[in-house]
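Nothing in this text is a laboratory measurement; each read-out follows from the coordinates by a stated rule. Note that the structure is a prediction, hence the values are computed from the model and not measured.
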């Protein structure tokens, strides 16, 4: 798949999964919204939800059912505490898992936080032709994921290939 010569803005949703974050202190969600807008993408919707697998799943399911939504970025709930349930909420919705995202995220994260990266259950995939990215809740992890992975892959001009360029082919039978 070749890269395009033109930027094509995507419609993206941002979901913060947290029992403690609010609109006043959601620095990770704030960062992601600012970063995607700065890159030229459109924020379709932003929400904050408590760490409850069924509420998370319901929101993501509604977003992936909307034809206008190209991607969902979720921050939070990917750790190992008893309440962390984002992987359990979202994985059943995925049609395909993007193994390389989680592997690459943890490799990059290792340079910043060392062996603590093995506690991360960050992952990504495709659901109903919609990209879904699940990131840790820390703002530094969201920044690293955006700057080193997502920004380039959601830009159709990235060569030799990118996720944005695959969009026209995601519904092929």
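Using the Cα gyration tensor of the stretch 83-127, with a ≥ b ≥ c the square roots of its eigenvalues, what is the shape: rounded (a/c below 1.5), prolate (a/b larger than b/c) or oblate (neither)? The shape class here is oblate.
The orientation-averaged projected area of the convex hull spanned by the Cα atoms of the chain comes to 9.5 nm². Relative contact order of the chain: 29 percent, from C-alpha pairs under 8 Å at least 6 residues apart in sequence. How big is the gap, in Å, between the Cα center of the stretch 1-45 and the Cα center of the stretch 68-92? Using only Cα atoms, the two centres lie 15 Å from each other.
For the stretch 132-173, the alpha-carbon coordinates run over 37, 22, 10 Å along the three principal axes, in decreasing order. What the Kirkwood sum gives for the stretch 34-89 is a hydrodynamic radius of 12.5 Å, with every pair of different alpha carbons counted. All alpha carbon pair distances within the stretch 1-53 were sorted into 5 Å bins beginning at 0; the resulting P(r) in whole percents reads 4, 19, 24, 18, 14, 9, 5, 5, 2. Of all DSSP bridge pairs formed entirely within the chain, close to 30 percent run antiparallel.
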